[in-house]
1. If the cut-off is 20 Å between C-alpha atoms, which lysines fall inside it for residue A:70, apart from same-chain ones fewer than 8 positions away?
2. Leaving out same-chain residues fewer than 8 places away, which aspartates and glutamates sit with a Cα under 19 Å from that of residue C:148?
3. For residue C:47 and residue C:226, FRET efficiency with R0 = 35 Å and r from the beta-carbon atoms, rounded to 0.05?
4. Between A:14, A:75, A:85, which gets the highest mean-square fluctuation from a Gaussian network model of chain A, Cα cutoff 10 Å?
5. If packing is taken as the average count of other Cβ atoms within 10 Å, what order do B:165-175, C:175-185, C:278-288, B:191-201 fall into, highest mean first?
6. Extending each Cα 7 Å along its Cβ direction at residue B:52 and residue C:17, get the distance between those two points in nm, one decimal.
7. Give the span of region A:111-186's Cα atoms along each principal axis, as three whole-Å numbers ordered largest to smallest.
8. Net charge around residue B:214, counting only other residues with Cβ within less than 12 Å of its Cβ (Lys, Arg = +1; Asp, Glu = -1)?
Amino acid sequence: MNWLKKPASDTQLTHGDRLWLYIIAAIVMFLLVIPTLIVMPMSFSDSQYLEFPPSNWSLRWYYEYFESSKWMRATITSLQVGTLTMLLATPMGIMAAYALFVSGHRASKLLFAFLITPMIVPVILIAIGVFYSYGRVGLNNTVFGLVLAHAVLASPLVMIVITSALRNYDLNQERVARSLGASRIKAFFVITLPQIKFSVMTSALLAFLTSFDEVIISIFVSGGSNATLTKHMFAALRDFIDPTIAAISTIMILVSTTLLLATQFISSRERK
Amino acid sequence: MSIQSNNLHTESSTALPIHVQDLTKKYGEMYALDSVNLEVKSGEFLTLLGPSGSGKTTLLMAIAGFNRPDSGSIRFGDEEVILKPPHKRGVGMVFQSYALFPHMTVAENIAFPLKLRGVSAAEAAERVATALKTVQLDGLGDRGIEQLSGGQKQRVALARAFVFRPRILLMDEPLSALDKKLREQMQIELKHLHEQLGVTTVYVTHDQREALTMSDRIVVINNGQLTQIGTPNDIYNHPANAFVADFIGESTMLPLTHDGSGSLYFEGSLIKTNYKTSDAKEWSLVIRPERLTVVKSGQCDPEKTIVFTGVIREFIFQGDTAFAMMSVNDKYNLSFRFGTDASSWQNAMQPGDSVSLGLNRSDVIVIPGGLEL
Amino acid sequence: MSAHNTANFNAEGRRVEPLNEKSLRSLDIQEQRLLLSLATPAVLAVIAIVVIPVGWLFYLSFTGSDGQFSLANYQRMIEYKSYARTFVTTFQVSILTTLICIMIGYPLAYFLAMLPERLAGFFMLAVLLPFWTSLLVRTYAWLVLLQKNGILNDLAMSIGLWDSPLKLVHNLTGTLIGMAHIMLPFLVLPLYGSMKKIQRDLMYAAANLGASPVQAFWKIYFPMSISGMVAGSLIVFVLCLGFYVTPAVLGGGRVVMVATQITAILEHQFDWGAASALGVVLLVVTMLILTVATKVFKLDAALFGKR
């Protein structure tokens, strides 16, 4: 226990002095992580009622999920919409971030603020507004409509990540490339892009996840055969507690965790 | 250590002169370049020298095409280039931060401009190898950039800038990130490289010693205007005004009075005759510290030497030379510098001693203007 | 050398344009246009999805049932008590959630900031993991945990904390717990960021000048961490104001916040006028709070610089 006597801070506090902090932090971290973890073993419970720990183990809720055409269709829709959002939001966000970063124009600060507004306006407003507007042009319940809305929600994130990457990058390299004969476009693609590719990947994953996990807009705008996974899950949560949701949640947790670890891995590669 | 000789001599005939005419660039109300006119001779090594914010980098960037002036003309030879984008200007450029591409090897960095020009892979490889040899980095082609030292990175940046045989080379303080010894060594190597390549070179620095070492001509810039152009000798021995006199080398400036008939006096002693005192209202005598010698007053020919007598106020040993300050008439401080060899009896000087210093009349420098810069 | 000659005059006294001025300026404009045009797709998309729809909502809120301009929707909001209650609840929940997050988030952020680099990355996962997990999944998890026969009640009763199952969900308590869990990363991340910016030298200096560790913390460290804390709290508060999913699920219909009321109005009465009026008020309140807070705490750099 002499570890407790070792200094832990710049003011020579020991670990022992700090024990209360460690305990609080541990409790908070535990509470942060536990709820999501609890869901996972519960998905393997045999019973109709949610119980922990499960008395009987079974995979029935997973079968329910994979064999249900409703859930499967919704999953495919969500994956589709997520991928398309990623493919739309990432280039859109990169172009905007690059343009505003490189241009010295006074307008660029204003434009940046304008493009960030989807993050500031309450999503419920965007959801009902879009629902109404789409209603008038027949875009409700379409994949295109949903992708467009999600892309607008995701591209500010892409912009923020890419802007931060550009800040840490020596823009002189583009100038050198141009002095050596490369046009502006070529210099961007051959010199700059390869060097921010990790941030590009991270922002793409963020864009995908933003769309995949999005609830409110999906509730209003997706529907029928184009309903998303989140829409069905929300309905199920409100009406009754279907243990199938536990199975779906487990899968989603695994997907999220994998993506998160992927970005951590990517950014650690980039730091080298 | 010198740059290897190879058959790049043939390029010198294709070097281009640069004609800058009425170049102006404003940032808001501030003139970064104020109607600048400059002629860079074909093949010469010209240095733009000035303090930070003087406009020297702005001028270089304008020549390269990285900033767009508000008005003026820039011609390479007969061709107007001011409206051309940077990638069409064909100048080689070296940045202070080297700006090497970290995701490419040394060889790939150097081959980059060749690839853009459609040079075949075989020929490119050959030219890259020659370039590496020229900058003394043979065999390092496959290295990654992070594995290089500062000096090596600098050479790669150089090689990349001249491998495609540009007719103009621009350098923006390329040596300022290196430590003193390496910097001084590279200065000489760059000079040799220039002699070999014969390329018109415009070099930017704030280090006057560097400028004096390397240049064929120096342009002194201040506040967006060119204050003086000349050879290192001209600039050092015949500064045109107080700014140049003060910026280049060390100096003491003493105020002079005019007697109305072309003669200038300092505290009653005649300094110069037949001086054209046209538009200035004040004049100063500029004395380089190393041009003063300790003399025995009364033993000098006043036709040849001006003598200053005073009291030593400070004396500092600085290794290869010593620096001392003498106060004249309790009003003016004259700084002088001398060797520290053992035989130098000047070493016996103490603060408080009375001493006489002599300045050869041929070393007299007079400038219009006063001590306020 | 030269006077600042923006206009030269030739021998006849006619004004001569500085060399190439027009062409240079037009090239400059061209280049700026080209660059800014890269941002056009994003701008168009934001106009299509945010500006126009929200504009419609403004319009609808000022439209009566007869299709003419009317302030009836807003009048109704002042008259009917249910709207006032909704706003009170919304602010209640938002303020309480923010406070809870500050209470438990500050120590956590401080702990993380004190860790050496390698450990910090690892423990940060505890914050990032829930952050990346779907909102629905987290809400669902709390729904399950807090039930009458859920784990929390079972555990608490078995260790004797309380005797009969407490109603922890489908009410304010459950909502607060769920919201705090969702919002915590939004506070911890900016706070951690600003804590990391505090240079170690400052704490050394404080100690050297005679401050005890506690004094050094309150007088030096804490004030410097405030900007991150305020930024994080603002994000949390504003998010809570407009939040829908968690209060809808964990509140069980008893916690009526603005977002849930808007949805209810649309679902049951299909009254776009009322719903959009409520939405407009939410937007205006959000913008006011953001503007005031940004000015007061000078947050422009923090909010627009990074997340």
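1. List returned: A:231.
2. Filter leaves A:51, A:239, A:242, C:163.
3. In this case the efficiency is close to 0.45.
4. A:14
5. C:175-185, B:165-175, B:191-201, C:278-288
6. 3.8 nm
7. Extents along the principal axes, in whole Å: 53, 23, 18.
8. So the environment of residue B:214 carries a net charge of -3.
The values are calculated or read from the model by the stated rules, or taken from the named source; none is laboratory data. It should be emphasised that the depicted structure is a prediction, and the values quoted were computed from it without experimental measurement. Note that each Cβ is placed from the backbone with ideal geometry, even for glycine, and that neighbours are counted across all protein chains shown. The area values use the complete protein model at the heavy-atom level, side chains included, leaving out ligands, DNA and RNA. Shrake-Rupley method; radii C 1.70, N 1.55, O 1.52, S 1.80 Å.
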